[in-house]
Protein chains: 2
Amino acid sequence: MSRKREDLLVHAEKLFYEHGFHAIGLKAIVQDAGVALMTLYNHFDSKEDLILEILNRREKMYFSMLKDAVRKEEGSIEHKLVSGHIQWLKTSASNGCMFLRAKEEFSSIPDHPLVKSVYSHKEKMIQFFESNEMSRTAAVQLALLLEGSTSLAETLNVQEIEKTLYAMVENIKNS
Amino acid sequence: MSRKREDLLVHAEKLFYEHGFHAIGLKAIVQDAGVALMTLYNHFDSKEDLILEILNRREKMYFSMLKDAVRKEEGSIEHKLVSGHIQWLKTSASNGCMFLRAKEEFSSIPDHPLVKSVYSHKEKMIQFFESNEMSRTAAVQLALLLEGSTSLAETLNVQEIEKTLYAMVENIKNS
DNA sequence: AATTAGATATAACGATCACTCTATTAATCT
DNA sequence: AGATTAATAGAGTGATCGTTATATCTAATT
């Protein structure tokens, strides 16, 4: 893996997340990453291609954080997953869910690869909960709580959300 | 109130919501509304000013829908509010919360009037819950559920979310 | 009928957009 | 050292961006 390519992915993710996908230009990205514009086009087919790869990387990061929490934390599976998600909120998600933001900005083209990728990610999320001994009902309930915490964290302080989330997750029953 | 002005607000809200604030241009808006570009600048100082007014209108619509539900629905206050929010989801929010999307696109300028307007809106939301005989704890819990349902509704079918939401709201206790 | 106000089309502003081409330099590898 | 590959700067594509200016035209008011 090329070093310049890695720099591009890191800086592009930061800028896309801070400003939005349409709002930020490729010129700003290459300047922030310290590479030439042609280097970007040497590694990626297009802006859309770059965004797709960023979302793929971000999905891996998110699930690896959840899996780490499942491995290391104590308590119920729901509690472990909440703990992992809160860590994600604190480290990488103070400006909303990047997947939903991509879907929102490109949803006017329903078959757009970016939009399909977001639907796939959200399905994958619930399936991951189900693969951890949770019923479909419980998985959807947990998903609702986690999505809610991500949105709330944009305007409320994270500690209050953390407290609220831990309290509410106790009510999820595997029926 | 001018007719052209009203047309502009309606069509601009639709396009901003479908594409995002940076993604859509003023030219597309005036074409969709069927007015001249200079008519837009006759009624609004700038694109930012137009967005601000749209968010103000949208806030009024949302709260009036909640208040209608409180007035007409049966059951607990939480149940009534959930019912109002679900109606909002079905009629006007299949692409996420427009306020959060505004905050996300402009959050890189923390003192931006649009960003402050969004923070204000979310505070107002929780205060509205509190003004309906709910404790702060219960209000934040309900906010988390409603925000979660808005996000989930972007990729999941609304009926499943509705069922989930009604089930989870029963657990909110006014402690 | 005359005056005012609102809306129109059009052009232009400088800036930026995603993307391409070219030509030169730097780094890597056998 | 020589050959291949990666990265560079810079110019250029046509298109669009938000915004302003101008000049004509229509509608409402006096």
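Of note:
- Simple Cβ-charge dipole of region B:90-146, Lys/Arg +1 and Asp/Glu -1, about Cα centre, in debye nearest 20: 120 debye
- Selection of trypsin sites (Lys or Arg not before Pro), region A:26-81, meeting DSSP coil and at most 16 other Cβ within 10 Å: none
- Loop GluC sites (Glu not before Pro), region A:91-168 (other Cβ atoms within 10 Å of the site Cβ: 16 or fewer; DSSP): A:Glu133
- Residue-wise HN-Hα couplings along region B:144-157, as the Karplus relation 6.51 cos²θ - 1.76 cosθ + 1.60 with θ = phi - 60° gives them from phi, are 4, 5, 5, 4, x, 5, 4, 5, 4, 5, 6, 10, 10, 6 Hz; Gly and Pro carry x.
- Expressed in Å, the radius of gyration and Dmax of the Cα atoms of region B:1-79 are 15.7, 50.
- Shape category assigned to region B:1-44 from the gyration tensor of Cα positions, a/c cut at 1.5: prolate
- Shown for A:Asn174: label points 7 Å from Cα along the beta-carbon vector, and their distances to the equivalent points in the other copies, 3.5 nm in ascending order.
- Note, ³J(HN,Hα) from phi for region A:86-103, Karplus 6.51, -1.76, 1.60, rounded to Hz, x at Gly and Pro: 5, 4, 4, 4, 6, 9, 9, 9, 8, 10, x, 7, 5, 5, 4, 5, 5, 4
- Between B:Met38, B:Met134, B:Met61, the Gaussian network model of chain B with springs among Cα atoms under 10 angstrom shows the greatest mean-square fluctuation at B:Met38.
- When the charge dipole of the protein assembly as shown is built from unit charges on Cβ atoms (+1 for Lys and Arg, -1 for Asp and Glu) and taken about the Cα centre, the candidate among A:His112, A:Ser2, A:Leu55 whose Cα reaches farthest toward its positive end is A:Ser2.
- Region A:17-30 - phi-based ³J(HN,Hα) in whole Hz, Karplus 6.51/-1.76/1.60, Gly and Pro as x: 5, 6, 10, x, 7, 7, 6, 9, x, 5, 4, 5, 5, 5
- Enclosed volume per residue, in Å³, of the convex hull spanned by Cα atoms of chain A: 127 Å³
- Lys/Arg +1, Asp/Glu -1 at C-beta; region A:85-160 dipole; positive extreme among A:Leu89, A:Met125, A:Gln159: A:Met125
- When you filter the GluC sites (Glu not before Pro) in region B:1-93 for DSSP loop state and at most 14 other Cβ atoms inside 10 Å of their Cβ, you are left with B:Glu74.
- Taking every alpha-carbon pair under 8 Å whose residues sit at least 6 apart, chain B reaches a relative contact order of 19 percent.
- Label point 7 Å beyond Cα along the C-beta direction, distances from B:Ser108 to other copies (nm, shortest first): 2.0
- What separates the A:Tyr119 label point from its copies, with the point 7 Å along Cα to Cβ, is 3.8 nm, written shortest first.
- Electrostatic dipole magnitude of the protein assembly as shown [Cβ: Lys, Arg +1; Asp, Glu -1; Cα centre; debye, to 20]: 140 debye
- For the axis carrying chain B to chain A: nearest C-beta residue of B, whole Å: B:Gly148, 1
- Beyond 24 Å in Cα-Cα separation lie the following of the pairs B:Lys4/B:Lys103; A:Lys103/B:Lys122; B:Lys27/B:Lys124; A:Lys90/A:Lys173; A:Lys122/A:Lys173; A:Lys14/A:Lys80: B:Lys4/B:Lys103; B:Lys27/B:Lys124; A:Lys90/A:Lys173; A:Lys14/A:Lys80.
- Taken per residue, the accessible surface of region A:55-169 reaches 40 Å², heavy atoms only and a 1.4 Å probe.
- Look at the stretch B:135-143: the mean tally of other chain Cβ atoms within 10 Å of its residues' Cβ atoms is 3.
- Assuming charge only on the beta carbon of Lys and Arg (+1) and of Asp and Glu (-1), the dipole of region A:20-64 about its Cα centre is about 120 debye to the nearest 20.
The values are calculated or read from the model by the stated rules, or taken from the named source; none is laboratory data. Here the structure is a predicted model, which means the values were calculated and not measured. Don't worry about glycine lacking a Cβ; one is built from the backbone with ideal geometry, like all the others, and counts go over all protein chains shown. Just the protein is used for accessible areas: all its heavy atoms, side chains included, with ligands, DNA and RNA removed. Shrake-Rupley method; radii C 1.70, N 1.55, O 1.52, S 1.80 Å.
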